[in-house]
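*Asks:* Structure below; questions to follow.
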Amino acid sequence: MLVDALLTEPVLAPDDLLAEEVFPPEPRPPFPTSPPARPKLAPHRHRTRTLPLLPSEPALFPWLARRFAPGEATIWSGPSVAVEPVLELLYAGSALARGRISLLEGANRFHPYRIGELGRAFGVDATETLHRIRLARAFTAYQMVALVDGWAREVRRHPPTLLVGHHLPTLFADVEIPDEERFALLGHVARTLAALAREARLPLLLTLDPDGFERFRALAEEGPPWSDLVTFARGPGTLRLRALRNDARVALVPRPAGQTGMEEFGGEFAEEVIAWDVPPRRTARRSRNG
């Protein structure tokens, strides 16, 4: 069915850049052959209470909020060009809902100006949007281990409404880290995240590259219970999200308000569709002729 339009558009990279993002030119060190990790969801015998993490509008926000549960991890998996625009929307939406985010950044891809602009599109001052995100950035695997170890103390000092770990295993792919040490460190990170989620009773969002489960097998084996796994796929002009729990699906498509699409007729197109129609934004820069 067609639902309400987004107030702002996820900034997607041009299609001709997609291959470069999904298949990085720099080769990553191979991991030893091992059975693939199997995602496992925590049992939800009763409907989990929806947390006030995000506003009720645009329609994408309630869909995302239903994937979270206190004390459990929600995993977002997909290429950066698909995941990160929605992640930045989540930061802005959290500010609109007057939430606070505690973020561990493992890939050095935090864009404050872009996030501030998204907040401004929702009517939140850019400074206020960024003020509601406490950012800890690591540049080595050992720094990341130290940050994860100290996350519980940080949460007690500055209580957030949402914990976010962006690409935590990325730094552990360093060729100088022996395989045995890499797996031991990632196992420690997974167990520490499990203890944090259990003690803090806060929702935890973890983002992974498409090969993230192979590189962070301990997350499924020793990490926190999973509330949901959401996979992201980018197509021409379309962003598709699929949640493992209940097989819930949503597609974000550019479409003028009031226009319907093939999904209205069911069949293979039967999925929830969210259209966006971007209003013009004012900028501080004046245009000049000539």
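The values are calculated or read from the model by the stated rules, or taken from the named source; none is laboratory data. Bear in mind the structure is a predicted one, so any value in this text is a computation, not a measurement. Note: ideal-geometry Cβ built from the backbone for every residue, glycine included; neighbour counts use all protein chains shown. Accessible surface areas use protein heavy atoms only, side chains included; no ligands, DNA or RNA. Shrake-Rupley method; radii C 1.70, N 1.55, O 1.52, S 1.80 Å.
*Asks:* Would you rank 228, 125 by solvent-accessible area, highest first, keeping every protein chain in place and using a 1.4 Å probe?
*Replies:* 125, 228
*Asks:* Kirkwood Rh over Cα pairs of the range 40-162 into Stokes-Einstein at 20 °C, 1.002 mPa s: D in µm²/s?
*Replies:* Rounded, D is 137 µm²/s.
*Asks:* Give the ranking of 161, 129, 238 by solvent-accessible surface, highest area first, calculated with a 1.4 Å probe.
*Replies:* In descending accessible area the options line up as 161, 238, 129.
*Asks:* With every protein chain present, what is the per residue accessible area of the range 76-122 (1.4 Å probe, Å²)?
*Replies:* Ligands and nucleic acids excluded, the result is 30 Å² per residue.
*Asks:* I'd like the accessible area for residue 76: 1.4 Å probe, protein heavy atoms, all chains in place, Å² to the nearest 10.
*Replies:* The accessible area comes out at roughly 0 Å².
*Asks:* Would you check the accessible area of residue 56, probe 1.4 Å, heavy atoms only, in square angstrom rounded to 10?
*Replies:* Counting only protein heavy atoms, residue 56 exposes about 100 Å² to solvent.
*Asks:* Report the label-to-label distance for residue 201 and residue 222 in nanometres (one decimal), using points 7 Å from each Cα along the Cα→Cβ vector.
*Replies:* 2.7
*Asks:* Right, next: With all protein chains present, calculate the accessible area of residue 111 using a 1.4 Å probe and round the result to the nearest 10 Å².
*Replies:* Estimated to the nearest 10 Å², residue 111 gives 70 Å².
*Asks:* Between beta-carbons, use under 10 Å as the cut-off and find the net charge around residue 100, counting Lys and Arg +1, Asp and Glu -1.
*Replies:* +3
*Asks:* So in the range 138-243, what percent of DSSP beta bridges are antiparallel if you round to the nearest 5?
*Replies:* That works out to approximately 60 percent antiparallel.
*Asks:* Counting only protein heavy atoms and using a 1.4 Å probe, what share of the accessible area of the range 131-214 belongs to carbon plus sulfur, as a whole percent?
*Replies:* 56
*Asks:* Moving on. Take the eigenvalues of the Cα gyration tensor for the range 195-250, scale each by 5, and report the square roots as semi-axes in whole Å, largest first.
*Replies:* Each semi-axis is the square root of five times an eigenvalue, giving 24, 15, 10 Å.
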